[in-house]
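Q: Next up is a structure, given as structure tokens.
The values are calculated or read from the model by the stated rules, or taken from the named source; none is laboratory data. Just so you know, these numbers come straight off a predicted model, no measurement behind them. Heads up, the Cβs are rebuilt from the backbone with ideal geometry, glycines too, and the neighbour counts pull from every protein chain shown.
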Amino acid sequence: MSAEIPPRDAYGRTMATGDLFLPFRLDGKRALITGAGGGIGRALVALFAAAGAEVSGADREASLMDGLDLAHRLAFDLADGAAVDAAFAELEAAGAAPDVLVSNAGFTRGETLGAVNRAVWDKELAINLTGAFNVAAPVVEGMARRGGGSVVFIASVNALAHYGNPAYSAAKAGLIAYAKAIAVERGAQGVRANVVCPGSVRTRAWDHRLKEAPDLLSHVLPHYPLGRLVTPEEVARVALFLASDAASGVTGAVLPVDAGLTAGNLRFVKDVIERE
Ligand SMILES: NC(=O)c1ccc[n+]([C@@H]2O[C@H](COP(=O)([O-])OP(=O)(O)OC[C@H]3O[C@@H](n4cnc5c(N)ncnc54)[C@H](O)[C@@H]3O)[C@@H](O)[C@H]2O)c1
């Protein structure tokens, strides 16, 4: 799927990856990206490095980050607070505490309410909300002590309206509240926190669904006003803007990168209003 969608520049023009237009810079900054080995994570690592940052990555296992050019590799399960604390203490001891955090790791399998029992709820909240807190809390306190920093949470359109995955959605909505708490309570120390809400992105997060229904994406596209999914690179570019000094006046904001999904209901307009 991603091979069919060439990357676009800031003005929506298609272009080769090597020519990517990069108006936002992170020179001299240290960035930590969780879920670095995933589809969006890899795009974040590449883009943030291209923007001048020294990039470190975190993922469940170090091998998931194979092939990435990273200053430091942290391996932990986000849901394991003690493991996160230990890894972060090591990073700080190495003098590599981040100026920029992209809290990007995420996971869901509970597709509808019928599939959400207490175990599923606990697991999806533990990874997507508590896990994000486990990393962000010590990072934000360090940023506040040093006088500034920027956190970007990768949430989802599921945080804004219901598109399935109830427990995951509750967790992603929780990230918005948490980001606003950081924005309000740590703004005086120069810490900014913002949220990106991607629509569907064809990463391996979709593999399990496509295995069950190989033609699924043809059912997804008619919901998207731009007629396509966003790419990992498009999500990464918005995260880069929010992380960079170009967004120095932006904190507590929630920005969908969703090919127009949350702008309205395209299927409703077509099926009910236009009746084509
Ligand atoms: N792909 C989409 O359609 C989509 C849409 C909206 C939001 N998102 C969000 O974007 C982010 C990145 O997703 P992606 O599409 O790149 O998926 P992905 O599965 O390719 O990457 C997710 C990464 O998070 C890591 N991770 C998962 N559970 C973890 C845990 N317990 N501890 C540590 N690391 C863990 C995984 O190992 C993986 O590297 C996620 O937060 C996801 O919820 C994705």
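Q: Tell me which of these residue 171 doesn't satisfy, since it passes every other one: (1) touching a residue at least 40 places away in the same chain (Cβ under 8 Å); (2) aliphatic (A, V, I, L, M); (3) not in a helix (DSSP H, G or I).
A: All conditions pass for residue 171, except number (3).
Q: Check residue 220 against each of (1) near the ligand (Cβ under 8 Å from one of its atoms); (2) surrounded by fewer than 22 Cβ atoms within 10 Å (Cβ to Cβ); (3) hydrophobic (A, V, I, L, M, F, W, C) and name the one condition it does not meet.
A: Result: residue 220 passes all but (1).
Q: Pairs only if they're at least six apart or on different chains, beta carbon under 7 angstrom, first in region 104-120 and within 30 Å of residue 150 (Cα to Cα), second small (Gly, Ala, Ser); list them, first residue then second.
A: Filtered contacts from region 104-120: 104/35; 104/41; 105/35; 105/131; 106/35.
Q: Quick one: in region 239-276, of everything that is charged (D, E, K, R) and surrounded by fewer than 17 Cβ atoms within 10 Å (Cβ to Cβ), which residue is nearest to residue 196 (Cα to Cα)?
A: Of all residues in region 239-276, those charged (D, E, K, R) come to 245, 258, 267, 270-271, 274-276.
Then keep just the ones that are surrounded by fewer than 17 Cβ atoms within 10 Å (Cβ to Cβ); that gives 245, 267, 270-271, 274-276.
Numbers: 245: 17, 267: 24, 270: 28, 271: 30, 274: 32, 275: 34, 276: 34 Å.
Among those residues, the one meeting the criterion is 245.
Q: Working carefully through the options 144, 137, 155, find the one that is closer than 26 Å to residue 200 by Cβ, at pLDDT 95 or above and surrounded by 15 or more Cβ atoms within 10 Å (Cβ to Cβ). It would help to see each step written out before you state the result.
A: Values: 144 fails: closer than 26 Å to residue 200 by Cβ; 137 fails: closer than 26 Å to residue 200 by Cβ.
Unique residue meeting the criteria: 155.
Q: Being within 16 Å of the ligand (Cβ to nearest atom), aliphatic (A, V, I, L, M) and either in a helix (DSSP H, G or I) or farther than 22 Å from residue 253 by Cα (or both): is that true of residue 181 here?
A: Details: within 16 Å of the ligand (Cβ to nearest atom): no; aliphatic (A, V, I, L, M): yes; either in a helix (DSSP H, G or I) or farther than 22 Å from residue 253 by Cα (or both): yes.
Against the criterion (within 16 Å of the ligand (Cβ to nearest atom), aliphatic (A, V, I, L, M) and either in a helix (DSSP H, G or I) or farther than 22 Å from residue 253 by Cα (or both)), residue 181 does not qualify.
Q: With 165, 194 as the choices, which residue is under 20 Å from residue 43 (Cβ atoms), more than 7 Å from the ligand (Cβ to nearest atom) and touching a Ser or Thr at 6+ places or on another chain (Cβ under 7 Å)? Spell out the reasoning first.
A: Values: 165 fails: under 20 Å from residue 43 (Cβ atoms).
Result: 194 is the single residue among 165, 194 that is under 20 Å from residue 43 (Cβ atoms), more than 7 Å from the ligand (Cβ to nearest atom) and touching a Ser or Thr at 6+ places or on another chain (Cβ under 7 Å).
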